[in-house]
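The values are calculated or read from the model by the stated rules, or taken from the named source; none is laboratory data. Note that the structure is a prediction, hence the values are computed from the model and not measured. Backbone-built Cβ (ideal geometry, glycine too); neighbour counts: all protein chains shown. We work out accessible area using only protein heavy atoms, side chains counted, and drop any ligands, DNA or RNA first. Shrake-Rupley method; radii C 1.70, N 1.55, O 1.52, S 1.80 Å.
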Amino acid sequence: MRPAHPDDIPTLLDLMEAFYAESDYRLDRAVAGAAFGALLADERLGRAWLIEADGWPAGYLVITVRFAMEFGGLAAILDDLYVAPAFRKRGLATAALEVVRRWCEAEGIRAMTVEVAPDNTPAQIVYRRAGFGDVSGRQLLALELAPPAHEG
């Protein structure tokens, strides 16, 4: 796994498009490309990494950062984690989560959160193995103020 750079945006978009297609979403590449550009230009927003295997881009991971009163400081949101089907079941997601956890700890980030669909059992297994757990009595709610980067 290595930090992504602006010249990686086309590869990141290809991976993101494949990720979203698994949920029958169509990616708006212009919106997603601009989002990657903003993220990679301002390290205060978070980071993106490319997951590589056998000399190929195998996936990607995006962390965004926010201030959380509950944790008394910065919290990271695991925004996207994707490993292409040809590279799954090789421990790449687990290894990527460990790298990101160490990065978060080194940056003074006090918690990590992730959003996962209730029916995405494989992802839940990976996240729980990495130490993520339910926050009882809470439900994620969103107020969309602009269209998302996907349709579907």
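Within region 13-36, residues that are under 20 Å from P122 (Cα atoms) sit with their Cβ atoms under 7 Å from residues that are surrounded by fewer than 17 Cβ atoms within 10 Å (Cβ to Cβ) and acidic (D, E), at 6+ positions apart or across chains, in these pairs: Y25/E151. Scanning region 10-36 for residues that are assigned to a helix (DSSP H, G or I), open to solvent by 30 Å² or more (accessible area, probe 1.4 Å) and out of contact with any Asp or Glu (no Cβ under 8 Å at 6 or more places or on another chain) returns P10, T11, D14, E17, A18, Y20, A21, A30, V31, A34, A35. With the condition kept exactly as written, say whether any residue in region 98-106 is at pLDDT below 95 and more than 15 Å from the chain's Cα centre (by Cα). Scanning region 98-106 turns up no residue that is at pLDDT below 95 and more than 15 Å from the chain's Cα centre (by Cα). Selection within region 100-124: residues that are among the β-branched types (V, I, T) and assigned to a loop (DSSP other than H, G, I, E, B). The member of this set that is nearest to G73 (Cα to Cα) is I109.
For region 37-81, residues that are of a type in the set (D, E, K, R) and part of a strand (DSSP E or B) total 5. Tallying residues that are polar (S, T, N, Q) and over 25 Å from P85 (Cβ atoms) within region 104-134 yields 1. Is it the case that region 96-119 has a residue that's of a type in the set (G, A, S) and closer than 22 Å to P147 by Cα? Yes, there is a match, as at least one residue in region 96-119 is of a type in the set (G, A, S) and closer than 22 Å to P147 by Cα.
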